[in-house]
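Below is one structure; the comments refer to it alone.
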Amino acid sequence: MKKNDSNIKKAIKYLNNNECIAIPTETVYGLAGNAYSDKAVSRVYKLKKRPRSNPLIAHYYSINNLKKDCEIDNTFIKLYKKFCPGPISFVLKLKKKSRISKIITNNSNSVAVRFPSHPLARKLLKKINYPLAAPSANISTSISPVSKKDVVDEFGPKLKFVLDGGSSKIGLESTIINLIGKPNILRFGGINSKLIYKLINSLENKKKKKIKIKVPGTSKLHYSPGIPVRLNAKKNYQNEAYILIKKRKKLDKNYFYISRTGNLKQAAKNLYKTLRIVKKNGYKKIAIEKIPNINIGEAINDRILRASKK
Ligand code: TXA
Ligand code: MG
């Protein structure tokens, strides 16, 4: 506990100096900088090798802090009350007097925001008077990190500080919903899309127009382990790592199970870690067993589908 407090102090010192650091969240680790500071967010882009055309999510402690920067409506409040803090991000309109750096919005009039639930992230956010711009703490296009070790693997000594919050509980990124115009889900993630639509369908005026929003970071090539991935594999070929949803009685040395019993939450938590291990072990190809497309299986399938694209 004491150690956490002194690490949070250290984290704040770096952030106040416009440095970027890694922070734990319940989804994946983030590479964080002061979202009001051009200097800090430029450093995030540079270290992550992220193209400037790809916007970042601003992380807030609560709705009170957010109100200064973004326009909110009833649908947002309903979703906020039900799912926040938690693994959901919202694309909202910026207020004219918003202090959010134009860099993280790619000069547009909207921004993605999120309220992470990880206790250390919340403790940190509560103590600073600016939101944190934080993409996943990996080099652009590679696999998101779910532990301090993964972050260190990505950046080595180039990153000055990682706030260690253990391994991320969910293990996949947040669900992103666009709330400008007719609400629509832009990225599957920690909260199942059906739960979200169930809540908002009753509220929404059906006539609202769907506004097209680009999500640059979900294009092909993202979430890539850097080696070919074959989906819905009923068996593995020689030298292929075989990722199984459920442990089997007879295990081959090339088998990697992401859950003991086929539990999808556990599978989500273990997916990125397992992809990293497979790559480290020198495999040149990956086969993945069919994953049920229900609950968080929806987000798992989304990520492995992207990982399978060349
Ligand atoms: O769980 C998460 O969301 C993690 C943790 C660290 O919070 N963050 C995360 O950030 O996954 P990132 O940058 O790796 O992925 C954010 C995605 C990208 O695909 C980006 O293109 C999209 O969100 N995005 C960000 N701002 C946006 C905006 N204003 N409009 C549309 N898409 C946006
Ligand atoms: Mg990312």
* Out of (1) touching a strand residue (DSSP E or B) at 6+ places or on another chain (Cβ under 9 Å); (2) away from ligand 2 (no atom under 14 Å from the Cβ); (3) more than 19 Å from ASN18 (Cβ to Cβ); (4) not in a loop (DSSP other than H, G, I, E, B), what's the single condition that is false for LEU124? -> (3)
* LYS96 away from ligand 2 (no atom under 16 Å from the Cβ) and over 25 Å from LEU195 (Cβ atoms) -> yes
* Options ILE139, ILE176; residue that is outside any loop (DSSP other than H, G, I, E, B) and either within 16 Å of ligand 2 (Cβ to nearest atom) or modelled with pLDDT of 95 or more (or both) -> ILE176
* Structure fact -> The residue from LYS246, LYS234, LYS198 that alone is exposed (fewer than 12 other Cβ atoms within 10 Å of the Cβ), over 23 Å from ARG114 (Cβ atoms) and not small (Gly, Ala, Ser) is LYS234
* Asked: Say we look at the stretch 1-58 and pick out the residues that are open to solvent by less than 10 Å² (accessible area, probe 1.4 Å), in contact with a helix residue (DSSP H, G or I) (Cβ under 9 Å, 6 or more places away or on another chain) and in a helix (DSSP H, G or I); which of these is nearest to SER140 (Cα to Cα)?
  -> LYS48
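The values are calculated or read from the model by the stated rules, or taken from the named source; none is laboratory data. The structure presented is a predicted model; accordingly, all values stated were derived computationally and were not measured. Because the Cβ atoms are built from the backbone with ideal geometry, glycine has one as well, and the counts that use them run over all protein chains shown. The area values use the complete protein model at the heavy-atom level, side chains included, leaving out ligands, DNA and RNA. Shrake-Rupley method; radii C 1.70, N 1.55, O 1.52, S 1.80 Å.
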